[in-house]
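The values are calculated or read from the model by the stated rules, or taken from the named source; none is laboratory data. Keep in mind that what you see is a predicted model, and the values were worked out from it rather than measured. Note that each Cβ is placed from the backbone with ideal geometry, even for glycine, and that neighbours are counted across all protein chains shown. Side chains included, ligands, DNA and RNA excluded: accessible areas come from the protein's heavy atoms. Shrake-Rupley method; radii C 1.70, N 1.55, O 1.52, S 1.80 Å.
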Amino acid sequence: MKLLSVLMAATALVTATSPTLAQTGVAPTPAPVETPARPWMDTRLAPDERARLLVAAMTLEEQTHLMLGRTGYDVSVLSPNLPEAILESVRTLRGLGFLGTAGFVPGTARLGIPSLHLADATLGVANSGDMLRAGDQSTAFPSTLALASSFDPALARRAGRALGVEAFAHGFNVQLAGGVNLTREVRNGRNFEYAGEDPLLAGLIMGEHIAGVQDEHVVSTVKHFAVNLQETGRMVHDVQIGEAAMRESDLLAFEIAIARGRPGSVMCAYNKVNGQYACENPFLLTEVLRRDWGYPGWVMSDWNATHSLAPAVLAGLDQESPQFPRHFSGMKAAVDGGAVPASRVAESAHRILRSLFAVGVMDHPAAPGGLFDQAASAALAEEVALSGIVLLKNDGVLPIAATAKRILVVGGFADKGVLSGGGSSQVMPYGGHYADTRGLEGIETRTAPVYILSSPLEALRALRPDAEIVFDDGSDPARAAAAARRADLALVFVSRPETEGKDSPDLSMPHGQDALIESVASANPKTVAVLETGNPIAMPWLSRTAGVLQAWYPGQRGGQAIARILTGETSPSGRLPMSFPVSAEQTPRPELLAGENVVGTDASSVDHPFDLPINEGSDVGYRWFERSGQTPMFAFGHGLTYTTFDYGPADFTGGDGLSVQVEIANAGSRDGVEVAQLYAAPPGRTHRLVGWARIPLKAGERRTVTITADPRLLASWIEGGDGWVRTGGVYDVFVGRSAGAPERAGKITLNRSSDVPRRIAGDPVS
């Protein structure tokens, strides 16, 4: 759900919804029951055949009904003074069985089609501002960036399953998860919901997460299709990018995620791509998604992202999500008038039902009040945090020494909890939360930054009962500096809220926190900065700190996870899924492009479109740094541990593919995890991540590992009819700790091929 967009037009939206509901004659349904009259409930049949049988039994009105999403919660919570007509519309929706979600498609009792309850998002079962389901709490998982930092697809699968289990227990059967947009703009307010800058990493991590959600009979989306890189002007900006560049980067991430996860639905984006809105873009929705990838599921619009009826449907859009005006409410009239063929409506109904059969929604109906293991979900959230926290810098100050008896903890609301990301992905966590309402008034306080009540301060005290651990809230840098002089170690917690609907103006920390770190570090050379952010930040104080820990938004047990890393109970194993620039000046667009008079993210900005040129092409993130000859502050893939790893000689193999065999040894005195990364540069191109291995090694252990390149990353898109081609010739290759730290390098020759596999071993085939 895109909460800001829904808030904008809620009154008009509900008014427009109720007549359509009344006309369709649909109502909540019990679980589908297999009878001779319902041959589509025969589980022995393939999903496509079951969908064909069901669509054949439907009227045109019933088919068009599937294509129209409604608001799934009581919009009267937005205002105490709504007209009686609106309240009556709300009562109608409630009578049809909505549960308090971003979207709702009432079921069709005659055919046994269950209602669709579309809930946000990837970080848990969201409840933005506690406005969808008052008092409802859920497991708050760490930000997707933390999950991506684990470089662990198997962990992503488990996290997806946990989310699916919890959504199912709530009675929800569609989860608006699977954010896979690449980090092209480091100020983007939604980057914390995504999986970084690399298409292979993002595609595999989110593909496994999607598959995990769907393992539990809950449809997962993949979103936002495509090249949705900033919130500023998101309703109007026009991304200008070449086909090859798009195919090799943003679209490649989606291609991998779809092949790996088989999502039931693709959510198209707000922005334009090369002059056409993403949700009515035939190149994206038909040529790429349907023709080239053979995607069988349905395409839903983002909330308020539909701009037409016939052009959108004919381009490939299957379902309009809640919005006003409601274009798809006129679908039957469009068919009757010849603007939309009836066969196209039947096709959309087939795609939706096909996914419901394939995922098991029809055969395993969800219902509210289900049970699940809340403690197990919280433990998994902590495991994700532990795997995703990245140690950026360590001058020997971490793990905290046993001799540190007086420890100062400063700022970041560390006495209360850990920050979470805002917007439609906002989870109201189990155990309650603290809202930072500084500078906010009225309804804005409902969407204030949420701190999960998992206190790093209390967790540190529990792990180090032998030490005196004192707290300073950081409101007075001079006072904090004075306390730091008396401490053996200072831990400065800083946080920067990120949210849907708003980009950060720069890379600085708000509320004077950069100055706070500077003051404390100047007073005590043993100062560690702990960062709770959803994006890279500038670090003007970096040289004066002894350590920097990137905790992201660490979720339900984030305080415990941070404490376990700091004290050394667990060794850090996270690696950066995005490059950290020294400043925005190093990025392809140093200034955040906003056009003229653009008002943030909503539809009021439609009169002020602007172009957003992608001059870096497919050279996203670390590839941009290589291409431009710059060195970032921290490279993609970077992450320190509490041990050291040695690489032996590497044996690179070429020909019809690429692999490397290398021995890696844990040369330190502690157990740890190495993430060995394989990069390759086609002739004349920048290096790409083509594979990796996540290797746990005990102290003194050595292991020979083989990393095989994903063939999709060895190919380049050749415009003019050739398509994907693996260029023949000499490739520069290296295996190492990050994009900026090669350990063993070489050159290999690969044969030319235009028969490039579009799936790797282990990818499910639709």
Just going by the charge dipole of the range 346-492, with Lys and Arg at +1 and Asp and Glu at -1 on Cβ, which of THR403, LEU491, LEU463 is farthest out on the positive end?
THR403
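Roughly how many percent of the accessible protein surface of the chain is carbon and sulfur, given a 1.4 Å probe and a whole-percent answer?
About 52 percent, which is the carbon plus sulfur part of the accessible surface.
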Relative packing of peptides 368-376, 407-415, 430-438, 153-161 - highest average C-beta neighbours within 10 Å first:
407-415, 153-161, 430-438, 368-376
Rounded to whole angstroms and listed largest first, the alpha-carbon spread of the range 632-736 along its three principal axes comes to 56, 32, 17
If you average 1/r over all unlike Cα pairs in the range 470-597 and invert the result, what Kirkwood radius do you get in angstrom?
16.0
Protection-proxy order for peptides 733-739, 552-558, each taking the mean of Cβ atoms within 10 Å per residue, highest first
552-558, 733-739
Order of exposure, largest accessible area first, which applies to ARG685, ARG351 with probe 1.4 Å:
ARG685, ARG351
Going through the DSSP H helices of the chain, which span 18 Å or more along their own axis at the Cα atoms while scoring at least -0.5 as a mean Kyte-Doolittle hydropathy?
3-24, 153-170, 199-215, 342-359, 374-388
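Quote the convex hull volume per residue of the range 516-587, based on C-alpha atoms, as a whole number of Å³.
On the way: hull volume 7.7 nm³, N = 72.
Once divided by residue count, the hull of the range 516-587 is 107 Å³.
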From highest to lowest solvent-accessible area (probe 1.4 Å; ligands, DNA and RNA excluded), ARG461, ARG110 read ARG110, ARG461
Relative contact order (percent) for the range 647-766, with alpha-carbon contacts under 8 angstrom and 6 or more residues of separation?
27
Debye, to nearest 20: dipole size of the chain, +1 on Lys, Arg Cβ, -1 on Asp, Glu Cβ:
1040
Can you check what the Kirkwood hydrodynamic radius comes to for the range 202-359, Cα pairs only, in Å to one decimal?
15.8
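Keeping all protein chains in place, calculate the accessible area per residue for the chain (probe 1.4 angstrom), answer in Å².
Roughly 32 Å² per residue, with all protein chains present.
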Globularity ratio of the range 322-479, using Cα Rg and 2.2 N^0.38 Å
1.69
When every protein chain stays in place and a 1.4 Å probe is rolled, ARG464, ARG564 sorted by accessible area with the largest first are ARG564, ARG464
Got a sec? Charge dipole of the chain, +1 on Cβ for Lys and Arg, -1 for Asp and Glu; which of VAL222, LEU155, GLY423 is way out at the positive end?
LEU155
Rounded to the angstrom and largest first, Cα extents along the principal axes for the range 558-701 equal 63, 48, 25
I'd like the distance between the alpha-carbon centres of the range 248-293 and the range 526-554, rounded to an integer number of Å.
35
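Any chance you could list the semi-axes, whole Å, largest first, of the equivalent ellipsoid that the Cα gyration tensor gives for the range 524-640, using √(5λ)?
33, 19, 14
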Please report the accessible area of ASP336 (heavy atoms, 1.4 Å probe, ligands and nucleic acids excluded) in Å², nearest 10.
100
For a quick check of understanding: with a 1.4 angstrom probe and all protein chains in place, what accessible area in square angstrom does LEU132 have, to the nearest ten?
20
Roughly speaking, what is the centre-to-centre gap between the range 351-411 and the range 662-685 when only Cα atoms are used, to the nearest Å?
26
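Just to be sure I understand: of the beta bridges DSSP finds with both ends in the chain, what percent are antiparallel, rounded to 5?
Of all bridge pairs located within the chain, approximately 60 percent are antiparallel.
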By a straight-distance test (C-alpha under 14 Å), which aspartates and glutamates pair with LYS698 as possible cross-link partners, with residues fewer than eight away in the same chain excluded?
ASP646, ASP671, GLU674
Measuring from a point 7 Å past the Cα of GLN374 along Cα-to-C-beta, which residues in the range 116-136 have an amide N at less than 14 Å?
135-136
For the range 322-336, just list the computed ³J(HN,Hα) in residue order, Karplus coefficients 6.51, -1.76 and 1.60, θ = phi - 60°, integers in Hz, with x standing in for Gly and Pro.
x, 5, 9, x, 9, 5, 6, 5, x, 5, 4, 5, 5, 5, 4
Checked the range 700-740 with the C-alpha gyration tensor, a ≥ b ≥ c its square-rooted eigenvalues, rounded below a/c of 1.5, otherwise prolate if a/b is larger than b/c and oblate if not; verdict prolate
